[in-house]
Amino acid sequence: MKFVDVILPLPLSAAYTYALPEEQQAAVRPGCRVIVPFGAKKFYTAIVVDVHGRQPQGYAVKTVWEILDSDPVLLPVQLDFWRWLADYYLCAVGDVYKAALPSGMKLESESKVVVNSEYAGNAVLSEREQRVVTWVSRRSEPTVTQLQKECEDFRVLRVVRSLMDKGVLAMKEEVKRSYKPRTEVHVRLSETYFDEDKLHELLEGLGRAPKQQSLLLKYLELAGAGTAFRLRNPKMLAEVGRKALVEAVGGSLAICRALEEKGVLEAYPYEIGRLAHTEVTETIGVSPLSEAQARAFRELEEAFARHPVCLLHGVTSSGKTEVYIHLIRQMIAEGKQVLYLVPEIVLTTQLTDRLYRVFGNRMGVYHSKFPDAERVEIWQKQLSEQPYDIIVGVRSSVFLPFRHLGLVIVDEEHEQSYKQQEPAPRYHARNAAIMLARMYGARTLLGTATPALETYYNVRMGKYGLVELTERFGQVRLPEVEVVDIKELQRKRRMAGPFSPRLLEEMRRALENKEQVILFQNRRGYAPMIECHTCGWVPKCKNCDVSLTYHKGLNQMTCHYCGYTCNVPTRCPACEGTELVQRGFGTEKVEDAVHQVFPEAAVARMDLDTTRTRSAYEGILEDFQSGKTDVLIGTQMVTKGLDFERVSVVGILNADAMLNIPDFRSFERAFQLMAQVAGRAGRRSRQGRVILQTKSPDLPLIRQVTEHDYFGLYVGQMEERQMFVYPPFCRLIYVYMKHKRADVLDHLAAEMGSRLRQVFGSRILGPDAPPVARIQLLYIRKIVVKVELGASLAKVREQLLYLRQNLMAHPDYRSAQIYYDVDPM
Ligand code: ADP
Ligand code: ZN
Ligand code: ZN
């Protein structure tokens, strides 16, 4: 009897053991997928991690239902990587599995909601219940998630449950469709005619059906059987598409069908890939490096000789991409693979087109916005004999299989979005990539104009190598940053909406010269807040502890945390006052303001609301690139890695909004955002200009931005972090606790806090309510654990896991959520 230990796509840390069916004992190896039953009525695709003969004791072991692979879909190093992630980020290895594999590779059952066939139609229903029943009957068998989406109500499940109790609705389990390869019909010669004499006989016999004869002759030609029909090795016949064959003889499908009915040809489905094929026709792609770039390239070579991880610190527009391209070419020449990581928002056609021109078919793009089936095919290609030499991808591409990874490039390594927030695994793709590279014995190159302070600290401590590019490509100077004190201007009422007179002047000049303008405002929507002028009442989300943002286009107020929307009241519900005023500027309102001042200018807005789809996002960028748009307004989306020729003016409308965020990283982030958006100005011939509007012009940070003084920022921030003990002078782990009842949660949080203090002493902060203390009806508490640098992480993890397990076992806290966020961002 043989058994397999498997990982299930569930938040479970342990591997589960199943028996292998008698007749299939030999086929399975670690890394293969199997389908196993788990829980009531459910089955899952699990990953085999061990095959053995040890009969589990103490329970009746279930049997594997189906073996999906004969060859592993997961390489041994990937399993090690999964285990490391689960261990380091304090989550279940099942969570890692869930995040790692494209969903098309995981068959699952799902619950569908249906109207109970035995329902007699006589139940008394509330209005809400009636609504849900209507939804269910309108949709054909919706899943719970579909219902939640459609009803825009995540509590709908509760209504469904009560409707099930009343016998109105029922649930049924079904297998979720998995990945289906794309196929087209091909034809092949039946085995009967592999015999040459028979084939000749057949062809002669077809003299009376000349169309069929010529089609068959064409087939033999295309299949490579040769004119003499020497079927030396019939198995070697080439694939022939039915449609192509019919077209080649200019005939109709019926002719081919006739041959199929006679048993001469057989039709069969043939898998065709979905992946893009871009041939490299010429090597216009590679540009010679400038002197500075060539020097950086050589220095990197030397730095890598001493450090497996290096930082390329190159100012904005210094041409880092070109240096990467040369490195990648070198790697490929050595027969190694490259993983090129980019933050989601930077993965534009601007970058991929550039890389396709050099690498063509040798490059695959892995993007979360691409169809799942495409991601499955990239995964399969990576396992094949001819994997991609280079994968350009977002965070999750660290999970792809590589056979001989030689280099990982993490572009814009400082980007906060590399950290996954929800759900687990809450991993940081840059740090995970460094570990992945280490497991492969590969190098890691971190590139950015504004390194994360932790990264720079590692450089200073001698852990990472450093190479700098201090000048822009083509000797363009860094933009001139001019600070405008808006406090004074607001007092004197000299602001025109969000614009200072200086910014207006610069915008006007740019537009007159047919140059472009970027305006950065880090709030989307129209007005971040609505307030009753009489009593100060502010509309809040009913599910979350935040005020609602007014969106003018929708004429609605929206919660940016849970998506709840409602109409703007005409009267204040608190005092009946009718004067509701809008406070603050969101991107939508800035857009209005630009229209008012420059009615002729073509304006575009780039934020979450205007870029729901990839094509919308790229449309906005294309229009800006081609000069169709004059002014681009946006949230932090406009600060990332974009390369435009004609941008001469960048306006930072309100620097203070970034500085006032209560987080030890807010200054670092504000600097990065401002330096990056400033870096979009004047990237070609002329020096650009940045107008930085702030109410606190005297902050050292503002000076550091105007002087492009990254090192000044580094030194200042390091002093503070050392003094108050924040990373890199400790490791942070946040403990999050959530519950629908505030009183239960407070008890839990207090208990957790005191136990943590017993174990870790004074380096515990909290419990506190985070700035947004309730999201989607769940109250939230947070405890900060500062782990001393010398402490054994393994031991800390063990203690934290034990504490959680212990508390969750308490009957009061069963329905609570407790999770850890390691190295939070
Ligand atoms: P960074 O990523 O450092 O901000 P980019 O890689 O976007 O900078 O380069 C800035 C601009 O300079 C781009 O338009 C790029 O095409 C151009 N450029 C960089 N290096 C070269 C080179 N060696 N030859 C020609 N153009 C280059
Ligand atoms: Zn009021
Ligand atoms: Zn909400």
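Worth pointing out:
- Residues in the range 650-701 that are of a type in the set (F, W, Y), in contact with a Phe, Trp or Tyr (Cβ under 8 Å, 6 or more places away or on another chain) and not in a loop (DSSP other than H, G, I, E, B): F671 alone.
- Count - residues of the range 560-575 that are of a type in the set (V, I, T) and within 11 Å of ligand 3 (Cβ to nearest atom): 1
- For the range 562-583, the tally of residues that are more than 11 Å from ligand 2 (Cβ to nearest atom) and within 27 Å of L778 (Cβ to Cβ) stands at 7.
- Considering residues of the range 107-137 that are assigned to a helix (DSSP H, G or I) and in contact with a strand residue (DSSP E or B) (Cβ under 6 Å, 6 or more places away or on another chain) only, the residue nearest to I47 (Cα to Cα): V136
- Output for the range 301-320, where each listed residue is surrounded by fewer than 20 Cβ atoms within 10 Å (Cβ to Cβ), of a type outside the set (K, R) and assigned to a helix (DSSP H, G or I): E301, E302, F304, A305
- Taking every residue in the range 557-579 that is in contact (Cβ under 8 Å) with a residue 24 or more places away in the chain and at negative phi and pairing it with any residue that is within 9 Å of ligand 2 (Cβ to nearest atom) and polar (S, T, N, Q), at least 6 positions away or on another chain, the pairs with Cβ-Cβ distances below 7 Å are C572/T534; C575/T534; G577/T534; E579/T534.
- Looking only at residues of the range 662-678 that are among the small types (G, A, S) and within 13 Å of Q704 (Cα to Cα), we find that the one that is surrounded by the most Cβ atoms within 10 Å (Cβ to Cβ) is A678.
- The range 753-777, subset of a type in the set (S, T, N, Q) and over 20 Å from Y726 (Cα atoms), residue surrounded by the most Cβ atoms within 10 Å (Cβ to Cβ): Q776
- V476 vs. criteria at pLDDT below 90, of a type outside the set (S, T, Y), crowded, with 16+ Cβ neighbours inside 10 Å and within 16 Å of ligand 1 (Cβ to nearest atom): yes
- You will find that of R306, R329, R362, R295, the residue that is in contact with an Asp or Glu (Cβ under 8 Å, 6 or more places away or on another chain), basic (K, R) and farther than 24 Å from L621 by Cα is R362 and no other.
- Test: residue in the range 483-492 that is touching a Pro at 6+ places or on another chain (Cβ under 9 Å) and part of a loop (DSSP other than H, G, I, E, B): no
- Pair list, Cβ < 6 Å and 6+ apart or interchain, from the range 543-554 residues that are over 14 Å from E531 (Cα atoms) and in contact (Cβ under 8 Å) with a residue 12 or more places away in the chain to residues that are of a type in the set (D, E, K, R) and more than 16 Å from ligand 1 (Cβ to nearest atom): C544/R774; D545/R774; K552/E588
- Count of the range 614-634 residues which are touching a residue at least 12 places away in the same chain (Cβ under 8 Å) and outside any helix (DSSP H, G or I): 8
- Taken together, D592, D545 contain a single residue that is part of a loop (DSSP other than H, G, I, E, B) and away from ligand 1 (no atom under 16 Å from the Cβ), which is D545.
The values are calculated or read from the model by the stated rules, or taken from the named source; none is laboratory data. These numbers come from a predicted model, not from an experiment. All Cβ positions, glycine included, derive from the backbone under ideal geometry; neighbour counts span all protein chains shown.
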